[in-house]
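Trainee: This is the structure I want to talk about, given as structure tokens.
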């Protein structure tokens, strides 16, 4: 629609019409006819029942037939014929579920990550979805928080690159209008939601401004620069002010400083929760503060519906409402909904959901996301040989390896299991499968779905029987392939934990198998870093496979057999114990550092009962190949530093490699991290091949913000560090 016609439509709206556009409700409240059910409407507390044919958007209906009917009924009964926006929690895949974001980011193959996002966008589009609540760009350094699974991890650079790749994959790069097979990205959660005090969900966040500007805001800004269409507010307080009612955060920083002019949507009930926080004295005050903070859509409460009609009698609030509604209409126009309100819904069932191409991309992403933490020359395994392998643990034959958020639109029945993958490449007589322990204590927690869970996952059996069975099978084998970790409900929203160790029954199984003196390969299924200090020593090889998505079994098997070579690196550190948390690589030095202090051993920054370092730090990741790299040169101009380095594959294995370049600590008015990642490259080297690579580093990388948000640059000497799979070489440079 031309802007002039859109303006005419906007001018024709009454105050009630405008308020209706700011309402977002769960689509499950619609019955098949498209009309709201009366019970839930009353539960939401609407003082006056709105015209639900005029509301702005609904979310989390992924049934294209239902969406078609809802949109048809709205357009039939709406006086202004404004189509609904359909939004959904598509976090890391619609039907083709990819590895969780924490895993994807560790691939450092940002082109492949973008391809996966393109698949998710296309599948969402073909099922009528307009907006996906993704990517989640909260920097995370506390694995007690369950939502680390949907974040790119602890590092600023990694998160920024991930942000750009996913937004471009969803929306198409630099497009003014969102074309066929693309959807609008809604980044979340603005801001600093990933730093909750004590790692507890929805808890307050305390950050200095310089840490906020230099670290936590950076991934969101990268997504805004990639033209993301929506931003979601966070649940948390930030330095005492709820993010959803924070004018400085949403107006001054997001809109004015970052230049974001898209739609700002609250998270679930977050506007109403301003009252619960004690920030708003009542519902009307909550509506006022959220509106002044620039929040356009009220997700799943009646706060705007009840409070705005009275508020907008004052010109200040009327102007804010007009701005919100205009942004909502502009988004609908960018999606082409006024020309085609059934966008994507007329092309369903064309065979383009969970296609072979999509599954191939998912398999590649599994291969590039699993992190090899240990390998005493045990991997790769040898299919079609005399080697007998006891495959122990319930994950091998489990379909519940998709992770928490996949249940919105994914199907566990789609999962290509590890057992299926192993049977594709190994002779059946090589493999002994045994469960070892129950993945779930019971299926009662799944309510009416418990029968389906039991059918896919098998019955609950006596733990002592499963343990003994596993030992007997392992005794007859040459190698033990042991699957361990979390079950999917232990990660995700609302899954904060203080104990990050494996369950006791898994630890007992590991120790009993170790007494057999057989080599053990561990496969760790998880949505977060765990504390593995007690058990790590029992594994000859250890591969973190995360929650790997629908093609997990195929990709993991390819890694185990050497068809694929591990190349991923950890994007979040694994602590030695919970007392170290937060433990991350980009920390600042104290005045009494452990390594270089002139003070006596006691009076330095350390623990007396544990080391400072994590068990496995950010960037850890092994390969079957042996790589070596050396700096060659560095030249600069007014805009950037151009560096070159030589990289060699000194092995008989082909493989992908991700050299990482760090900026080491330097003197500044604001103390800088000891080291921080500033560049990566991801490429393929054949056996015994060598290359000279060039990387361009913008001078803006050497700038930093102070507590007022002002940018600084200090000319002088710096050190760049080239990291090749944990082996480092430093390069001093001068920048003027």
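The values are calculated or read from the model by the stated rules, or taken from the named source; none is laboratory data. Because the structure is predicted, anything quoted here is derived from the model rather than measured. Note: ideal-geometry Cβ built from the backbone for every residue, glycine included; neighbour counts use all protein chains shown.
Trainee: With respect to residue 611, determine if the residue is farther than 30 Å from residue 394 by Cβ and either out of contact with any strand residue (DSSP E or B) (no Cβ under 6 Å at 6 or more places or on another chain) or not in a helix (DSSP H, G or I) (or both).
Mentor: Taking the combined requirement at face value, the residue satisfies it.
Trainee: Which of the residues belonging to segment 533-571 are in contact (Cβ under 8 Å) with a residue 40 or more places away in the chain, farther than 22 Å from residue 398 by Cβ and not in a loop (DSSP other than H, G, I, E, B)?
Mentor: 536
Trainee: Please go through segment 371-396 and give me each residue that is farther than 19 Å from residue 626 by Cβ and at pLDDT 95 or above, ordered by number.
Mentor: Selection gives 381, 388, 389, 390, 391, 392, 393, 394, 395, 396.
Trainee: Does segment 624-638 include one or more residues that are within 18 Å of residue 677 (Cα to Cα), surrounded by 15 or more Cβ atoms within 10 Å (Cβ to Cβ) and modelled with pLDDT of 95 or more?
Mentor: So in segment 624-638, the residues within 18 Å of residue 677 (Cα to Cα) come out as 629-631, 634.
Now drop any that are not surrounded by 15 or more Cβ atoms within 10 Å (Cβ to Cβ), which leaves 629, 631, 634.
Cutting the leftovers down to modelled with pLDDT of 95 or more gives us 629, 631.
Yes; the residues of segment 624-638 include at least one that is within 18 Å of residue 677 (Cα to Cα), surrounded by 15 or more Cβ atoms within 10 Å (Cβ to Cβ) and modelled with pLDDT of 95 or more.
Trainee: Give just the number: which of (1) over 29 Å from residue 5 (Cα atoms); (2) at pLDDT below 95 does residue 114 not satisfy?
Mentor: (2)
Trainee: Also: Take the residues in segment 156-169 that are closer than 17 Å to residue 189 by Cβ and surrounded by 24 or more Cβ atoms within 10 Å (Cβ to Cβ), then tell me which one is farthest from the chain's Cα centre (by Cα).
Mentor: 167
Trainee: Something else: Could you say whether any residue in segment 303-323 is within 30 Å of residue 412 (Cβ to Cβ) and either not in a helix (DSSP H, G or I) or not assigned by TED's automatic domain parsing to the domain that holds residue 67 (or both)?
Mentor: no
This table checks each residue for (1) without any contact (Cβ under 8 Å) to a residue 24 or more places away in the chain; (2) surrounded by fewer than 22 Cβ atoms within 10 Å (Cβ to Cβ).
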{"site": "215", "(1), (2)": "no, no"}
{"site": "229", "(1), (2)": "no, no"}
{"site": "254", "(1), (2)": "no, no"}
{"site": "262", "(1), (2)": "no, no"}
{"site": "273", "(1), (2)": "no, yes"}
{"site": "277", "(1), (2)": "no, yes"}
{"site": "285", "(1), (2)": "yes, yes"}
{"site": "299", "(1), (2)": "no, no"}
{"site": "314", "(1), (2)": "yes, yes"}
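Trainee: How about segment 231-252: which of its residues are part of a helix (DSSP H, G or I) and crowded, with 23+ Cβ neighbours inside 10 Å?
Mentor: The answer is 243, 244, 245, 249, 250.
Trainee: Please give the number of the condition residue 84 fails out of (1) modelled with pLDDT of 95 or more; (2) surrounded by fewer than 24 Cβ atoms within 10 Å (Cβ to Cβ).
Mentor: So residue 84 meets the others, but not (2).
Trainee: May I ask you to list the residues in segment 577-606 that are assigned to a loop (DSSP other than H, G, I, E, B) and within 22 Å of residue 535 (Cα to Cα)?
Mentor: So the first thing to find is which residues in segment 577-606 are assigned to a loop (DSSP other than H, G, I, E, B), and the list is 577, 581-587, 589-600, 604-606.
Answer for segment 577-606, where residues must be assigned to a loop (DSSP other than H, G, I, E, B) and within 22 Å of residue 535 (Cα to Cα): 577, 581, 582, 583, 584.
Trainee: Give the residues of segment 595-617 that are in contact with a helix residue (DSSP H, G or I) (Cβ under 9 Å, 6 or more places away or on another chain) and surrounded by 12 or more Cβ atoms within 10 Å (Cβ to Cβ), sorted by residue number. Spell out the reasoning first.
Mentor: From segment 595-617, those in contact with a helix residue (DSSP H, G or I) (Cβ under 9 Å, 6 or more places away or on another chain) are 597, 607-616; that's our starting set.
Within segment 595-617, 597, 607, 610, 611, 612, 613, 614, 615, 616 meet the criteria.
Residue-wise test of (1) more than 15 Å from residue 251 (Cα to Cα); (2) out of contact with any helix residue (DSSP H, G or I) (no Cβ under 7 Å at 6 or more places or on another chain); (3) modelled with pLDDT of 95 or more.
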residue: 279; (1), (2), (3): yes, no, yes
residue: 292; (1), (2), (3): no, no, yes
residue: 298; (1), (2), (3): yes, no, yes
residue: 327; (1), (2), (3): no, yes, yes
residue: 334; (1), (2), (3): yes, yes, yes
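Trainee: Using the structure shown, decide if residue 108 is at positive phi and at pLDDT 95 or above.
Mentor: yes
Trainee: Here's something else I'd like to know. For residues that are closer than 17 Å to residue 666 by Cα and touching a strand residue (DSSP E or B) at 6+ places or on another chain (Cβ under 6 Å), scanning just segment 716-728, find the one that is surrounded by the fewest Cβ atoms within 10 Å (Cβ to Cβ).
Mentor: For segment 716-728, the residue satisfying everything is 717.
Trainee: Let me ask you something else. Any chance segment 484-493 includes a residue that's part of a helix (DSSP H, G or I) and farther than 23 Å from residue 615 by Cα? Can you show your working first?
Mentor: So the first thing to find is which residues in segment 484-493 are part of a helix (DSSP H, G or I), and the list is 488-490.
This time we only want the ones that are farther than 23 Å from residue 615 by Cα, so: 488-489.
Within segment 484-493, one or more residues are part of a helix (DSSP H, G or I) and farther than 23 Å from residue 615 by Cα.
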